[in-house]
Amino acid sequence: MEHIKAISLQHTLSLYGNVLSVVFYDVTTLYFEASKEDDLRIPGFSKDGKHQNPQIVLGLLVSDGGYPIDYHIFEGNKYEGDTLLPVVDHFSGKYHSQHLTVVADSGLLSKRNIELLK
């Protein structure tokens, strides 16, 4: 998984002259047609209306051109607002930028998350 992330990040950085100043973050849910859950695939809020199915939550960070630069997979019952900071922190650990603007929808940019991002 980390190898795929590294390839994607390096490709995107090469397109942007190794400088990123803006990233976009969003979350989706992916459900499984399975009757059993496990530690990762857990029923939760489903954007596809499949609340009864085991699912995962996928957080994706992309460049301003829409190129993927990082992602993270969370348990299916994880609240999407709690996914933003782990993904941004993980990315910041790999890519050291003096100033990075994070754009996300209002469901992710709670007052608490904005304060922690600052």
Boolean, residue 53 is in a loop (DSSP other than H, G, I, E, B), open to solvent by 80 Å² or more (accessible area, probe 1.4 Å) and either over 20 Å from residue 93 (Cα atoms) or basic (Lys, Arg) (or both): no
Complete set of residues in the range 74-118 that are among the hydrophobic types (A, V, I, L, M, F, W, C) and either out of contact with any strand residue (DSSP E or B) (no Cβ under 9 Å at 6 or more places or on another chain) or in contact (Cβ under 8 Å) with a residue 60 or more places away in the chain (or both): 85, 87, 88, 91, 100, 102, 103, 104, 108, 114, 116
Given (1) within 23 Å of residue 2 (Cα to Cα); (2) over 14 Å from the mean Cα position of the chain (by Cα), number of the condition residue 46 does not satisfy: (1)
Residue 100, sole failed condition from (1) closer than 22 Å to residue 10 by Cβ; (2) of a type in the set (A, V, I, L, M); (3) at pLDDT 90 or above: (3)
Neighbours by Cβ (under 6 Å, 6+ apart or cross-chain): first from the range 20-41, closer than 10 Å to residue 56 by Cα; second among the basic types (Lys, Arg) and open to solvent by less than 80 Å² (accessible area, probe 1.4 Å): 31/50; 32/41
Residue tally, condition surrounded by fewer than 20 Cβ atoms within 10 Å (Cβ to Cβ) and aliphatic (A, V, I, L, M), over the range 56-72: 4
Members of the range 1-44 that are surrounded by fewer than 16 Cβ atoms within 10 Å (Cβ to Cβ) and part of a strand (DSSP E or B): 22, 28
Selection within the range 73-108 - assigned to a loop (DSSP other than H, G, I, E, B) and either among the hydroxyl-bearing types (Ser, Thr, Tyr) or open to solvent by less than 50 Å² (accessible area, probe 1.4 Å) (or both): 76, 79, 83, 95, 97, 100, 104, 106, 107, 108
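The values are calculated or read from the model by the stated rules, or taken from the named source; none is laboratory data. Please read all numbers here as calculations on a predicted model, not as lab measurements. Neighbour counts are summed over all protein chains in view; Cβ atoms, including those assigned to glycine, are modelled from backbone coordinates with ideal geometry. Please note that ligands, DNA and RNA were not included when accessible areas were found on the heavy atoms of the full protein model with its side chains. Shrake-Rupley method; radii C 1.70, N 1.55, O 1.52, S 1.80 Å.
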